[in-house]
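The values are calculated or read from the model by the stated rules, or taken from the named source; none is laboratory data. Bear in mind the structure is a predicted one, so any value in this text is a computation, not a measurement. Heads up, the Cβs are rebuilt from the backbone with ideal geometry, glycines too, and the neighbour counts pull from every protein chain shown. Ligands, DNA and RNA are stripped out before the accessible areas are found, and what is left, the full protein with its side chains, is counted by its heavy atoms. Shrake-Rupley method; radii C 1.70, N 1.55, O 1.52, S 1.80 Å.
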Amino acid sequence: MKVSRRSFIVKSLVAAIGSFAVSGRLNAKENIRTTKQRLRNKPLVLSTWSHGIEANKPAWDVLKANGKAVDAVEKGVMQTEADPENTSVGLGGFPDRDGNVTLDACIMDETGNAGSISFLQNIVHPIAVARLVMDKTPHVMLSGKGAFQFAIESGFEKTDLLTDKAKQAWEKWRLKANYKPVINIENHDTIGMLALDANGDLSGACTTSGVAFKMHGRVGDSPIIGAGMFVDNEVGGAVATGMGELVLKTLGSFLIVEFMRNGMSPQEACEKAIDRIKQKLPDYEKFQIGYLALNKQGETGAYSIHKGFNYAQYDKKGNNLIDAEYLLK
Ligand code: SD4
């Protein structure tokens, strides 16, 4: 049969379109999956307060090189831990009422594995110690002398964390020695960080020297898995900052993740967790709490009791500082 050049071209075109249509066809399940993938805002890193802008940068470097979220959050918060200007995290953190800088930190990865240290002294990077607790021990949490011993045995150096600036602030505070732990709205520096990597996996980290001039031995929410931070790779993650006692009493980060599991957006979940504090803790107006949340699709949320909480979000749109919505207007 003689095939004209024209009909050959038309037939080839039809065949090509047909084969494209076949290979491009998706079943319903696949369609849902690819739609979700397309919607996902990833990679993404989210962290508390304006120092989050700087902390997000090393985290983003890990994420954009297709690195793991858990490595991103560890690297990210280490930036803040080493900053002597930050008076509530790591080096330069304000001491307790007796002049000791004591640190709390935790980390959680996409497998649900978690590591934490509390009441750790003289180590610049508590988050890296928490990571080792997670990766190298059968435990979740080490505290005080035992955490320090583990850090030294793991090769960390003993460092005096009390800077002149923090010492001066403590000496000034001692003149009145008001032991009441009041967290005012401007005086928060704890860094909590959540990340979603290119692979779609979530991790979180939180690190702090806690409430300034606290009682010696006081441990806050930040190293407690489920209070200061929680991640469930099927759902999302949350971190807290502010007066840890309120977060501990309501298990805020776990609560937010459970709210998201039940269908709430990260924003709704943060608002609902602040509402829980309002319902349960009568003196909540005296304190600031800020929550951040991130879900598996890369949607984010933030909410606080008072005005003044902000957070840094680094994604395809860049590294931006965003003011959170708040309860008490
Ligand atoms: C604590 N939640 O130790 C921490 C303090 C904090 O911003 O977040 N400050 O209670």
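At-a-glance table
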| read-out | value |
| --- | --- |
| Neighbourhood charge, 12 Å Cβ-Cβ cut-off, centred on Ser116 and excluding it, Lys, Arg +1 and Asp, Glu -1 | -1 |
| Potential extension, Ala65-Leu328 segment - 0.36 nm per residue separation minus Cα distance | 90.6 nm |
| Residue-level accessible surface for Val89, protein heavy atoms, 1.4 Å, Å² | 0 Å² |
| Accessible surface, segment 44-326, averaged per residue in Å² (probe 1.4 Å) | 40 Å² |
| Contour excess over end-to-end distance, with Cα ends at Lys307 and Lys280 and 0.36 nm allotted per residue | 7.7 nm |
| Rounded to 10°, Cα long-axis angle of helix 5-24 versus longest principal axis of the chain | 30 degrees |
| Max mean-square fluctuation residue, GNM over the chain, Cα-Cα springs under 10 Å, options Gly67, Gly290, Gly244 | Gly67 |
| Segment 245-323 versus segment 115-152: alpha-carbon centroid distance in Å | 27 Å |
| Overall form of segment 44-326 per C-alpha gyration tensor (a/c, 1.5; a/b vs b/c) | oblate |
| Cβ-based net charge around Asp201, under 13 Å, with every Lys or Arg adding one and every Asp or Glu removing one | -2 |
| Helix-only CD estimate at 222 nm, as mean residue ellipticity for the chain, using -39500 (n - 2.57) per DSSP H run (n ≥ 4) | -12000 deg cm²/dmol |
| Heavy-atom accessible surface of the chain: percent carbon and sulfur, 1.4 Å | 53 percent |
| Rough spin-label spacing in nm, given labels placed 7 Å along Cα→Cβ, for Gln267 and Asn319 | 2.6 nm |
| Antiparallel content of DSSP bridges confined to the chain, in %, to 5 | 90 percent |
| Folded to 0 to 90 degrees: helix 266-280 orientation relative to the chain principal axis, Cα | 30 degrees |
